[in-house]
Amino acid sequence: MKTCSQIIHAKWIIPCDEKDSVLENHALVLENGRILDILPSKEVEEKYHAATISHYSTHAITPGFVNAHTHVPMNYFRGLADDLLLMDWLQNHIWPAEKKWLASDFVYDASLFALAEMIRSGTTCFNDMFFFMPSTAKATEVACMRGFISMHIISFETKWAKNAEEEFEKAELFYEEYQNSPYARPTIAAHSMYTVTDEKYLRRIKDIADSRNLQINMHVQEPITEIDTLNKYAGCRSLERLAKLDMLNPRLIAIHMLHVNEEDFALLEKHKPNVVHCPQSNMKLASGICPVSALLEKGVNVALGTNRAASNNDLKMLGEMRTAAFLSKHFTGNPTTVSASTALKMATINGAKALNSQHEFGSLEKGKSGDFIAINLEEIETLPVYHPISQIVYATSRHQVTDVWVKGKQLLKNRALTTLDEKEIIAKAKMWGEKIKNG
């Protein structure tokens, strides 16, 4: 008889493995925050003894969702400006609001607010691109949630930095402070090709990423105007320029990727960067459609992100899965593309792969971290259950996520946050909302 820290029994365990397994009446065995074993519930008592034993007889246990692209502090701008073209929305509404309100305390409070929303809908890891990175990193550590925080480079003055040189200086300080954080992990980001135009800065970003084994985040071919802009000053499209700079490789997280021609497809198939699909935000801003099915067929890893709540307007990965599946079927005219199991993988293990962390989390396997969620499928909205994965992707609502764990630590217990103060978070959101509303 082996001892372990925790045993969790469930009606279904969905590992998100290559076999698309659905393990009925199985149990997760945890020790020191890691998965020690996965086995039939009836065999557990013969092999393991645990101080804590939990039963989820109406639930499916899945890996926690990996939100592969966020700007979490923008949650306080949710609903501030809707139904606008992308560049109008950015230049005339969002960037002016950021210029007025961004500061360390704003970003910290807004980050806690966003993390609470994500935890309550099953996200255990997010990949963020914003300013005042230490404030978001601090919130991540308070919440005990995984956050990949980009050292954000953009070529114009912001409330965070006067210019790119200051951004690089602050990036170095951020990396030194958080490189060994248990929850906040630094990455680096060039906002986009149309905001980081100087080749010396792009090469510097690449050098930092290569020397420290960091992923590079970049919005790529999101607005159609980006392609026109690149053609004017560089004589090529964004992907071609990235390839010339030796930045088009699995270290790159190419966000959006909406406008793709045959030459682009050839580059993507050859160099295999990661792509993050943000379907709901892209649809709301009418920015375009990522050709997900074609990318997957060419062996490109495609993950899912919510983008910002200011253009979505939520951080709910369940909605992104459903939308991604439906949109691909509609776009291709083929109902077999982006199946339910594919959509679930895009929200879990594919996100971990994009972050080069598939060895650590993203699927439920022996030795991996205990990052998982419990979804109650015994509700009117999801009964009867013929195929649990289909029910999760096509029918489940966020309130059915009842429990969430990261590194074996429970962050949500029967819908109650355990590491964050819900009342305080709500009060601060209302306070900031009044300030923004009143100018």
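The values are calculated or read from the model by the stated rules, or taken from the named source; none is laboratory data. Predicted, not measured: the structure shown is a model, and the values here were computed from it. So basically every Cβ, Gly included, is an ideal-geometry build from the backbone, and we count neighbours across all protein chains shown. Surface areas here come from the heavy atoms of the whole protein model, side chains and all, with no ligands, DNA or RNA. Shrake-Rupley method; radii C 1.70, N 1.55, O 1.52, S 1.80 Å.
Of the labelled options (1) 35, 24, 21; (2) 44, 36, 18; (3) 38, 24, 20, which one gives semi-axes √(5λ) of the Cα gyration tensor in Å as computed for this structure? Computing semi-axes √(5λ) of the Cα gyration tensor in Å and matching it to (1) 35, 24, 21; (2) 44, 36, 18; (3) 38, 24, 20 gives (1).
Spin-label model, Asp83 to Ser397: label points 7 Å out along the Cα-to-beta-carbon direction sit 2.5 nm apart.
Note on the chain: GNM, Cα springs under 10 Å; of Lys47, Lys298, Lys162, the largest mean-square fluctuation is that of Lys47. Against the main long axis of the alpha-carbon atoms of the chain, helix 199-212 sits at an angle near 30°.
Dimensions of the range 143-282 from C-alpha coordinates, computed as largest minus smallest value along each principal axis and given longest first, are 42, 30, 30 Å. Contact order for the range 191-271, expressed relative to its length and based on alpha carbon pairs under 8 Å spaced 6+ residues apart, stands at 34 percent. Each Cα pair under 8 Å and six or more residues apart adds its separation to the average, and for the range 172-232 the resulting relative contact order is 35 percent.
Seen against the Cα atoms of the chain and their longest principal axis, helix 317-332 is set at about 70 degrees.
Here the label points at Ala416 and Lys100, each 7 Å from Cα along the C-beta direction, are separated by 3.9 nm in the simple model. Each of Phe131, Leu268, Met247 was scored by the projection of its Cα onto the charge dipole of the chain, and the greatest displacement toward the positive side belongs to Phe131; charges sit on the C-beta of Lys, Arg, Asp and Glu. Within the same chain, lysines fewer than 8 places from Lys366 are excluded, and of the rest, those with a Cα less than 24 Å from its Cα are Lys2, Lys11, Lys19, Lys42, Lys47, Lys345, Lys353, Lys407, Lys409, Lys413.
If R0 is 45 Å, the Cβ-Cβ spacing of Ser155 and Lys298 corresponds to a FRET efficiency of close to 0.90. Ellipticity at 222 nm from helices only: DSSP H runs of n ≥ 4 in the chain, each -39500 (n - 2.57), divided by the residue count, give -11000 deg cm²/dmol.
Take every pair of alpha-carbon atoms less than 8 Å apart whose residues are at least six positions apart; their mean separation over the length of the range 25-71 yields a relative contact order of 24 percent. Taking the Cα centre of the chain as origin and assigning +1 to Lys and Arg Cβ atoms and -1 to Asp and Glu Cβ atoms, the resulting dipole is close to 280 debye. 3J(HN,Hα) along the range 4-20, derived from phi through the Karplus expression 6.51 cos²θ - 1.76 cosθ + 1.60 where θ = phi - 60°, amounts to 8, 7, 7, 10, 10, 8, 8, 4, 9, 10, 10, x, 6, 9, 5, 8, 6 Hz, with x in place of Gly and Pro. Principal-axis analysis of the Cα atoms of the chain puts helix 164-178 at an angle of about 20° to the longest axis. DSSP finds beta bridges in the chain, and of those with both partners inside it, around 40 percent are antiparallel. Accessible surface calculations at 1.4 Å, restricted to protein heavy atoms, place the chain at 39 Å² per residue.
Extension gain, Ala286 to Ile380, is 30.5 nm, computed as 0.36 nm per intervening residue step minus the present C-alpha separation.
Using Cα springs under 10 Å in a Gaussian network model of the chain, which residue among Leu304, Leu230, Leu252 shows the largest mean-square fluctuation? Highest fluctuation of the listed residues: Leu230. Close amide H pairs (under 5 Å, H built 1.01 Å from N) link Thr187 with Ile149, Ser150, Met151, residues at least 5 positions away or on another chain.
Each residue of the range 104-120 was assigned a 3J(HN,Hα) from its phi angle through the Karplus curve 6.51 cos²θ - 1.76 cosθ + 1.60 (θ = phi - 60°); the sequence is 4, 5, 4, 5, 5, 4, 5, 5, 4, 4, 5, 4, 4, 4, 5, 4, 5 Hz, with glycine and proline shown as x.
Taking a straight Cα-Cα cut-off under 16 Å and skipping sequence neighbours fewer than 8 places away in the same chain, the lysines within cross-link reach of Lys206 are Lys244.
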